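Q: Below is a structure I'd like to ask you about.
The values are calculated or read from the model by the stated rules, or taken from the named source; none is laboratory data. What you see is a predicted model, and the numbers here were worked out from it, not measured in a lab. No Cβ is skipped: glycine too gets one built from the backbone with ideal geometry, and neighbour counts run over all protein chains shown.
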Amino acid sequence: MSASTVERVLRIEGLTARVGETDILHGVDLEVRPGEVHAVMGPNGSGKSTLSHVLMGRPGYEVTGGSVTLDGVDLLALPTWQRARAGLFLALQHPTEVPGVSLESVVSEAARAAGRSTEGIRDLLVAEANRIGFDERFVSRPMNVDLSGGEKKRNEMLMMGSLEPKYAVLDEIDSGLDVDALAAVSRRVQEATEEDGLGVLAITHFSRLLEVLEPDQVHVLAAGRIQAVGGPELAERLEAEGYAGVLAEAGASVGLPTGVSHPGTHEAGFGEDPFADPLA
Ligand code: ADP
Ligand code: MG
């Protein structure tokens, strides 16, 4: 197949996954095309972060079925760094602190790995920081160390802005941000969709993020499945009414699938996990 005929889409089909003995994702279908914004909302413990980790290939998350392709590339066959190189970016719900390593070094290393020049990376990061009203000194400080939740989230944004991915999964990028930072961050993401054709999968609990970042579709994930899909009005309804009504209409319940009864236990370490907080 020639490059020109490859369909540009991040396509998740029938994705099932487990963590340890527990099945968490029970068949997720979702498509994100360049320039589109897809919001994923859902109750705590419904599998949203699990989906993000499975897409990026976090150790400890086992795919048991289904497929994920990025512009025709079989993502699930690749190690995490090659998924990043293929154009996937994940902004973590809980960004990792990396003592002794600056954001500038991380982004430079990523550029090198992708065979790109590292020249001008500092200027790019500073420009990105200015774009979201963030202090440029965070570019050279040890990454995320001693930062507030909102500052860590803005660091994730600096990475997204400078790495120029094709598709970005943003796991609760809005949590911890004050009103001004939230506006700046959502504007930055929206601009990336318009200027660079970034496709976005935005996991969030709040319709506030979606006031500037205009979702093409809102997906409700509960009990490891997409239970309902709608337009931006669905996000507003969920925020106003909660999940119960929408899920009842869809014939689903808010509860966890049987066998899942231990929210919070996933903080335990995974051994050789590049996503893990080395100080935790
Ligand atoms: P969400 O992001 O939607 O709040 P998660 O994807 O973090 O939900 O978690 C979904 C379910 O999977 C929860 O019940 C959680 O406790 C469980 N889970 C996630 N990771 C692990 C893990 N490593 N070990 C055991 N259970 C886990
Ligand atoms: Mg989560």
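Q: If you check every pair at least six apart or on different chains, which have Cβ atoms under 7 Å apart with a residue in the range 163-175 that is more than 12 Å from ligand 2 (Cβ to nearest atom) first and a residue that is part of a helix (DSSP H, G or I) second?
A: Listed pairs, sorted by first residue: L163/V107; L163/A110; A168/M160; D174/L182; D174/L209.
Q: Out of A77, A3, report the one residue that is hydrophobic (A, V, I, L, M, F, W, C) and at pLDDT below 95.
A: Answer to the selection: A3.
Q: Sticking with this structure for a sec: Limited to the range 97-142, what total is found for residues that are touching a Pro at 6+ places or on another chain (Cβ under 8 Å) and of a type in the set (S, T, Y)?
A: Residues meeting the conditions: 1.
Q: Take residues that are modelled with pLDDT of 90 or more and under 24 Å from T16 (Cβ atoms) and tell me which of the helices (runs of 4 or more DSSP H) falling wholly in the range 191-280 contain 2 or more.
A: The qualifying helices (runs of 4 or more DSSP H) are 243-249.
Q: Against the condition closer than 29 Å to S207 by Cβ, away from ligand 2 (no atom under 16 Å from the Cβ) and in contact with a His (Cβ under 9 Å, 6 or more places away or on another chain), how does E13 come out, does it pass?
A: no
Q: Take R8 and tell me if it is within 13 Å of ligand 1 (Cβ to nearest atom) and either at pLDDT 95 or above or within 30 Å of S207 (Cβ to Cβ) (or both).
A: Against the criterion (within 13 Å of ligand 1 (Cβ to nearest atom) and either at pLDDT 95 or above or within 30 Å of S207 (Cβ to Cβ) (or both)), R8 does not qualify.
Q: For the range 81-96, give me each residue that is at negative phi, in contact with a Pro (Cβ under 9 Å, 6 or more places away or on another chain) and in a loop (DSSP other than H, G, I, E, B).
A: Result: T96, single match.
Q: In the range 53-69, what count of residues is obtained for those that are within 13 Å of ligand 2 (Cβ to nearest atom) and either within 20 Å of S207 (Cβ to Cβ) or in a loop (DSSP other than H, G, I, E, B) (or both)?
A: 1
Q: Can you tell me which of (1) part of a strand (DSSP E or B); (2) small (G, A, S); (3) over 16 Å from the mean Cα position of the chain (by Cα) is the one A168 doesn't meet?
A: Unmet for A168, out of (1) part of a strand (DSSP E or B); (2) small (G, A, S); (3) over 16 Å from the mean Cα position of the chain (by Cα): (3).
Q: A follow-up question, please. Consider V54 against the criteria (1) within 16 Å of ligand 1 (Cβ to nearest atom); (2) surrounded by 16 or more Cβ atoms within 10 Å (Cβ to Cβ); (3) over 30 Å from V145 (Cβ atoms): it satisfies all of them except one. Which criterion is unmet?
A: V54 satisfies every listed condition except (3).
Q: Quick one: in the range 181-211, of everything that is more than 12 Å from I132 (Cβ to Cβ) and among the β-branched types (V, I, T), which residue is surrounded by the fewest Cβ atoms within 10 Å (Cβ to Cβ)?
A: T193
Q: Is at least one residue of the range 139-151 surrounded by fewer than 16 Cβ atoms within 10 Å (Cβ to Cβ) and on the phi > 0 side of the Ramachandran plot?
A: yes
Q: Return the only residue of G72, G66, G115 being among the small types (G, A, S), under 30 Å from R11 (Cα atoms) and touching a Leu at 6+ places or on another chain (Cβ under 6 Å).
A: Sole residue among the options that is among the small types (G, A, S), under 30 Å from R11 (Cα atoms) and touching a Leu at 6+ places or on another chain (Cβ under 6 Å): G66.
Q: Scan the range 33-42 residue by residue and report those that are more than 7 Å from ligand 1 (Cβ to nearest atom) and in a loop (DSSP other than H, G, I, E, B).
A: Of everything in the range 33-42, those that are more than 7 Å from ligand 1 (Cβ to nearest atom) and in a loop (DSSP other than H, G, I, E, B) turn out to be R33, P34, G35, E36.
Q: So, one more: Taking interchain pairs and intrachain pairs at least six residues apart, which have beta carbon atoms under 6 angstrom, with the first residue in the range 7-18 and under 17 Å from G199 (Cβ atoms) and the second of a type in the set (F, W, Y)?
A: Filtered contacts from the range 7-18: L10/Y167.
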